[in-house]
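K.L.:
Dumping the structure here so I can ask a few things about it.
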Amino acid sequence: MTNYAAEFCDKERKFGFDMAAEWMQSKLKIELGGENSSHWSNKQTETLISMLDEGKEFRGISNAIGKTTVQIYAKRRKLIEKGIVKAPEETPQKPSKNE
């Protein structure tokens, strides 16, 4: 168990879950653009839209806006649902030599 987890359990026993959860939230650091950050700034969203329109690869987009590829896929899916960007076209499968 990590130090935070042990201390959380101790605080929960002494003060209750709500107080322990509030204490834990005060200890967490928000990493901008990291795995824990689901917030997208307007600039990041605009950059994502333009890079998707330009056909850029997700790795390049990730480096440019500081989001993981998982976050980019999720945001793209939301933008597609809203009709802001087009869904990617599926490339036809090449027939195998046996067909």
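The values are calculated or read from the model by the stated rules, or taken from the named source; none is laboratory data. None of these values were measured; they are calculated from a predicted model. In this analysis, Cβ positions are derived from the backbone assuming ideal geometry, glycine residues included, and neighbour counts consider all displayed protein chains. All accessible areas refer to the heavy atoms of the entire protein, side chains included, with ligands and DNA or RNA removed. Shrake-Rupley method; radii C 1.70, N 1.55, O 1.52, S 1.80 Å.
K.L.:
Restricting attention to the range 58-91, report how many residues are open to solvent by 100 Å² or more (accessible area, probe 1.4 Å), of a type in the set (K, R) and in a loop (DSSP other than H, G, I, E, B).
P.N.:
2
K.L.:
Of the residues that sit in the range 59-79 and are touching a Lys or Arg at 6+ places or on another chain (Cβ under 9 Å) and modelled with pLDDT under 90, which one is nearest to N42 (Cα to Cα)?
P.N.:
Only one residue tops the list, namely K67.
K.L.:
Restricting attention to the range 23-40, report how many residues are modelled with pLDDT of 80 or more and exposed (fewer than 12 other Cβ atoms within 10 Å of the Cβ).
P.N.:
Number satisfying all stated conditions: 1.
K.L.:
Applying the selection to the range 1-19, what residues are touching a helix residue (DSSP H, G or I) at 6+ places or on another chain (Cβ under 7 Å) and at pLDDT below 80?
P.N.:
Passing the criteria: only Y4.
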